[in-house]
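What follows is a short report on a single structure.
Nothing in this text is a laboratory measurement; each read-out follows from the coordinates by a stated rule. Note that the coordinates shown come from a computational prediction; the quantities given were computed from them, not determined experimentally. Glycine gets a Cβ as well: all are built from the backbone with ideal geometry, and neighbour counts include every protein chain shown.
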Amino acid sequence: MHVVPLPALADNYIWLLHDDSGHAVVVDPGDAFPVETALKARGLVLGAILLTHHHHDHIGGVDGLLSHHDVPVYAPRDERIGRATHRVDDGDIVTLDAPAARFEVIAVPGHTTSHIAYAGEGVLLCGDTLFSMGCGRLFEGTPAQMLSSLDRLAALPGNTLVCCAHEYTAANGRFAQTIEPSNRALATRQHEVSALRAHNRPTLPVSLATEQATNPFLRTDSEEVIAWSRRQGIDGDRVARFAALRANKDVFTG
């Protein structure tokens with residue numbers, strides 16, 4: 001399976017996955033134009049659309065695509081997504097014929113209450129739940145929900161490629177370095193990110209193993225995160241540590 005990030009809108013990535021048969025699936029198309037352009041340039045036939053949550057920058061291009069492609073649309077059980085043909089929930093399996101692919105649906109509430117992710121074919125399509133060296137804002141869910149969701153994603157195989165929906169990596173890395181300044185893996189990753197962005201190249205996908213080593217939101221039990229939390233006056237459980245991380249990231253301007 002070939003995995004292609006399509007830049008869209010201000011800082012989104014629409015994920016295009018295709019096999020050598022010339023068939024493709026697209027994930028979270030907030031804009032139809034980059035998808036149509038990529039399909040034409042690569043000589044691909046669209047076979048399905050996968051949606052992770054209801055925000056417009058993830059579903060805004062669905063109507064445009066469906067006006068030219070008669071394909072199934074997989075989406076969470078959320079009435080705010082109106083064009084779904086298949087509603088899916090935690091534990092469901094999405095099996096596609098063209099491209100030939102199989103994805104497990106994982107419920108990941110936090111950013112929104114109905115947010116889902118798709119895992120399979122060596123990739124994790126996680127929308128706005130997990131970002132490289134960061135995580136999504138809690139617009140509808142609670143810190144406990146989001147931490148539980150991230151724990152589930154972090155338990156996937158380390159060679160899984162994380163395909164998140166925004167190019168937030170550089171800013172996330174700067175925040176992460178304020179939490180774990182001695183983390184060598186983090187310093188290495190941030191150096192790589194700086195080089196990529198200097199040439200306007202995507203920092204994604206990234207292996208889950210790299211995220212496990214560098215992302216403070218997946219590292220609430222690390223010694224440096226615990227020490228940082230104590231300096232903030234947080235000496236409680238890991239949910240309290242996570243909540244403190246998220247609150248500080250919400251106001252971070254570095």
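Computed over region 133-235, the quotient of the alpha carbon radius of gyration and 2.2 N^0.38 Å is 1.07. Taking every DSSP beta bridge that has both residues in region 2-250, what percent is antiparallel when rounded to the nearest 5? Among the beta bridges of region 2-250, antiparallel pairing accounts for roughly 65 percent. Quick one: longest stretch of the chain between exposed loop GluC sites (Glu not before Pro), exposed meaning at most 16 other C-beta atoms within 10 Å and loop per DSSP? The longest such stretch corresponds to 141-254.
Taking the mean number of other Cβ atoms within 10 Å as a proxy for protection, how do you rank 61-72, 10-21 from highest to lowest? Working shown, then result.
Values: 61-72: 15.6, 10-21: 18.6.
In descending order of packing, they fall as 10-21, 61-72.
Rounded to the nearest 500, the helix-only mean residue ellipticity at 222 nm of the chain stands at -10000 deg cm²/dmol, with each DSSP H run of n ≥ 4 adding -39,500 (n - 2.57).
Rounded to the nearest 0.05, what FRET efficiency is calculated for Thr253 and Glu79 with R0 set to 45 Å and r the Cβ-Cβ distance?
On the way: r = 36 Å, r/R0 = 0.81.
E(calc), rounded to 0.05, equals 0.80.
From largest to smallest, the equivalent ellipsoid semi-axes obtained for region 76-192 from the alpha-carbon gyration tensor read 27, 17, 12 Å.
How much of the pair distance distribution for region 84-130 lies past 17 Å, counting alpha-carbon pairs only, in percent?
Working: 354 of 1081 pairs.
Of the Cα pairs, 33 percent sit more than 17 Å apart.
Convex hull volume of the Cα atoms of region 145-197, normalised per residue: 114 Å³.
Note on the chain: percent of Cα-Cα distances in each 5 Å bin, starting at 0 and stopping at the bin with the largest distance, equals 1, 6, 14, 18, 20, 16, 11, 7, 4, 2, 1, 0.
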